[in-house]
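Report on one structure; see the data block that follows.
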Amino acid sequence: EDEMYILVGGVGVEASRSMAWAVLSDYEGMEDFVSAMRKSEVRERTDNGIVFVEQVAEGKILFFKRRIKLDLEIRETPMEQIAFKDLSGKHFVSYEGAWGIEDADGGLLLVYRLSARPAFSAPAFIANGVFRKLARRLLSEVREEILRRAALEEEQLSAHGHPPRSGEEGAANEVPTL
């Protein structure tokens, strides 16, 4: 029987909400900072905030590499949430989730939720571990990209005679939790 995998994870980041949103909604640039992403291309943007994105990711299960294609319907609630759902049904019977940006002590909490039922079979204990590992890596890579862009912004502001804003340095010991 098909297994349903549900993941909820989060990671703290000391950055502006607009910077976090810029990274999370950078669908075309994901190949540059998400190591598993091989392709991420916006196919269409509607007037009512729905974005259709084709993504191809590559994951490793034991000794095998598997390419996964997703045709995502993305619903944006600007500066708060990005909800996504795969419409292709090619590699997953169901695949949907969301990214959320929440206020937290000293910064933000990025929350990632995923509910997935693969169309391929793999032993549950292996698939569960793979999903968790990929989600942890994704949270970490998104956090690192937010901090990288925030530091670049700080450098540019400082170079133009503006003092760096306090509290925008990233906490290097933040670890994604699942």
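Basic side chains Lys and Arg get +1 at the Cβ, acidic Asp and Glu get -1 at the Cβ, and with that the dipole of region 79-155 about its Cα centre reaches some 700 debye.
Computed per residue of the chain from DSSP H runs no shorter than four, each worth -39500 (n - 2.57), the mean residue ellipticity at 222 nm is -8500 deg cm²/dmol. With the highest mean first, a sort of the peptides 78-89, 42-53, 129-140 on other beta-carbon atoms found within 10 angstrom per residue produces 129-140, 78-89, 42-53. Sequentially through region 84-99, phi angles give Karplus couplings (6.51, -1.76, 1.60; θ = phi - 60°) of 9, 8, 7, 9, 6, x, 6, 9, 9, 5, 8, 7, 8, x, 7, 9 Hz, Gly and Pro residues having no value and appearing as x.
Under a model in which nothing but the beta-carbon of Lys, Arg (+1) and Asp, Glu (-1) is charged, the chain shows a dipole of about 860 debye around its Cα centre. Each of Ala135, Ala83, Trp21 was scored by the projection of its Cα onto the charge dipole of the chain, and the greatest displacement toward the positive side belongs to Ala135; charges sit on the C-beta of Lys, Arg, Asp and Glu.
On the basis of the beta-carbon distance and an R0 of 30 Å, Glu44 and Phe120 show a calculated FRET efficiency of 0.60. Between Glu144 and Glu28, the modelled label-to-label distance comes to 2.5 nm, taking each label 7 Å out from Cα in the direction of the beta carbon.
Could you give the angle, 0 to 90 degrees to the nearest 10, between helix 124-159's Cα long axis and the longest principal axis of the Cα atoms of the chain? Relative to the chain, helix 124-159 is tipped by roughly 20 degrees. Close amide H pairs (under 5 Å, H built 1.01 Å from N) link Ser16 with no residue at least 5 positions away or on another chain.
Between the labelled values (1) 1.39; (2) 0.99; (3) 1.13, the entry that holds Rg/Rh (Cα atoms, Kirkwood Rh) as derived from this structure is (2). Apply 1/(1 + (r/R0)^6) to the Cβ-Cβ distance of Leu109 and Lys85, taking R0 = 22 Å, and write down the FRET efficiency to the nearest 0.05. With a Förster radius of 22 Å, E is 0.45.
All of the numbers you see were taken from the coordinates with simple rules; none came from a lab. On a predicted model such as this, the values are computed, not experimentally measured, just so you know. As a convention, Cβ positions derive from the backbone with ideal geometry for all residues, glycine included, and neighbour counts pool all protein chains shown.
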